[in-house]
Amino acid sequence: MSGVVITGWSAVSPAGVGRAALAERLAAVTPGVPAGGPVPGGPVDVTTLTDEPLPTPTGHALVDFDVRSHLGRKGTSFYDRATALSVVACGDALRDAGVELDDTNRARLGLVLGTSLGSFRSTSDYTRETLVQEKPYLVNPVLFPNTVMNCAAGQSAIRHGLRGVNATVATGPLAFLDALRYGSNAIARGYVDAMLVGAVEEFSPHRAWTTWLTGRPGQPVPTGEAAVVFVLTRAEQPAWAGVRREAEVLALATAYGPGGGPAADRALTGCVSRAVRRAGVDPAEVDCVLTGETAEDDTDEFDPACAALGQVPTRIRASGLFGRCDAATGGLALATFLATAPAGDTPRLALITSRSPDGGTAAAIVRGWPGAGASDR
């Protein structure tokens, strides 16, 4: 896994479009707040996004996002929200890294996106059409392409002319780290020279109600949305894939600990230990742990992770900052780590963890280089 580097990235998040917007929002966070509180400016009024009833009028969403202002009208009319967020994030990440695409290298740049199930809204709306309209003639066929989970990845590749590996990983909370592993393996095995790796989750009434109904009674978790994309390439990176090195993915590990409780904690502890061992780093040098669970979750990723490290680093809970973003949470965690890079010349080590309700577990060790925060591009 060593030798896979990040040359650029972007996030379309409640903070705005691009890494600079995220860095600016995070810079306004009161010290100590990242451990469990929201960033300034959120949650916001989300009733303007839909005419349908919502369980709560607020959430973490980019309410003024308009795909046409970024991509124009042509070809965007039928994008659902998840696809629009993804296409914009991919394009911004390519620009941020300074990727120079032409016909000689398009087939050497791929894309993998993590998701929970694609666009929940698109799938639900199409299913509803089949129930309330006369079949098959009055079911709107335009809705169907957006119901497949790989719609966002496919449309992003078409829009930006990517001809390499194209994949979608649908593993919920683990999706980003699973996508990161997939993309790293594709590069290591020579299928491509570089990959766009990310995850997306849209805000919709469907997700808002799911978040509300699956949360703990009396402790609703704000629903969030984001598309986060990183440009990955091999250490001996081709010049066209970007010249900067902002971070290095040192190791990834996965595990399975069903049933919750001690079994799940042992799985996470073992997962972290393997990641540290594969990375070849001293666990005492890990600066921060970025966890994916919300403050209201019954399970806690931080304590088992610290047990594996043998120390208690700084903690950042991505869901506390940006709401429940499900598949995009891991990407937001990594973006938060890079966007808050302090000045200086000392690299930092981060541990990123994720767990799913069915017992799936993942962990990654990332080395962030100084200057990985806001870009001047």
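Quick notes on this one:
- Sorted largest first by accessible area at a 1.4 angstrom probe radius, with every protein chain in place, the residues Trp240, Trp212 fall in the order Trp212, Trp240.
- Modelled spin-label separation between Thr56 and Ser124, with each label point placed 7 Å from Cα along the Cα-to-Cβ direction: 1.7 nm.
- For region 107-153, chymotrypsin sites (Phe, Trp or Tyr not before Pro) meeting the loop criterion (DSSP other than H, G, I, E, B) and having at most 16 other Cβ atoms within 10 Å: Tyr137.
- Förster-model FRET efficiency, 35 Å R0, Arg245 and Arg73, C-beta, rounded to 0.05: 0.40
- For region 225-377, the Cβ-based charge dipole about the Cα centre amounts to some 520 debye (Lys, Arg positive; Asp, Glu negative; other atoms uncharged).
- Taking a ≥ b ≥ c as the square roots of the eigenvalues of the Cα gyration tensor, an a/c ratio of 1.5 or more together with a/b no larger than b/c marks region 109-185 as oblate.
- In this calculation the C-beta distance from Val139 to Ala170 is compared with R0 = 22 Å, giving a FRET efficiency of 0.35.
- Helix runs (DSSP H) in the chain reaching 20 Å along axis by Cα, Kyte-Doolittle at least 0.5: 81-97
- The label point for Ala263 and the one for Asp345, both projected 7 Å from the Cα toward the Cβ, are 5.2 nm apart.
- Computed on protein heavy atoms with a 1.4 Å probe, the accessible areas place Met195, Met149 in the order Met149, Met195, largest first.
- Sequence-distant residues sharing a close amide H with Arg315 (under 5 Å, placed H): Val289
- Most fluctuating residue given options Thr168, Thr340, Thr210, as computed from a GNM of the chain linking Cα atoms under 10 Å: Thr210
- Using a probe of 1.4 Å on the protein chains alone, the accessible area found for Val132 is around 80 Å².
- Legend: residues His206, His70, sorted from most to least accessible area (1.4 Å probe; ligands, DNA and RNA excluded), read His70, His206.
- For the chain, averaging the sequence separation of C-alpha pairs within contact (under 8 Å, six or more residues apart) and dividing by the residue count gives a relative contact order of 25 percent.
- Most fluctuating residue given options Arg207, Arg73, Arg277, as computed from a GNM of the chain linking Cα atoms under 10 Å: Arg73
- Using a Gaussian network model of the chain in which every pair of alpha carbons under 10 angstrom is joined by a spring, one finds that among Pro258, Pro238, Pro141 the greatest mean-square fluctuation is at Pro141.
- Gain on full stretching of the segment that runs from Asp358 to Asp287 - 0.36 nm per residue minus C-alpha separation: 22.7 nm
- Dipole magnitude (debye, nearest 20) for the chain, charges at Cβ of Lys, Arg, Asp, Glu: 760
- Correct option for Rg and Dmax of the Cα atoms in Å [calculated from the coordinates] among (i) 19.6, 65; (ii) 22.4, 64; (iii) 20.5, 61: (i)
- Förster-model FRET efficiency, 30 Å R0, Val63 and Leu131, C-beta, rounded to 0.05: 0.50
- Additional length obtainable on full extension of the chain from Thr214 to Ala235, 0.36 nm per residue less Cα span: 3.4 nm
- Per-residue [θ]222 nm for the chain (sum of -39500 (n - 2.57) over DSSP H runs n ≥ 4, rounded to 500): -9500 deg cm²/dmol
The values are calculated or read from the model by the stated rules, or taken from the named source; none is laboratory data. Since this is a predicted model, take the numbers as computed values, not measurements. Cβ coordinates were reconstructed from backbone atoms using ideal geometry, including for glycine residues, and neighbour counts include every protein chain displayed. Please note that ligands, DNA and RNA were not included when accessible areas were found on the heavy atoms of the full protein model with its side chains. Shrake-Rupley method; radii C 1.70, N 1.55, O 1.52, S 1.80 Å.
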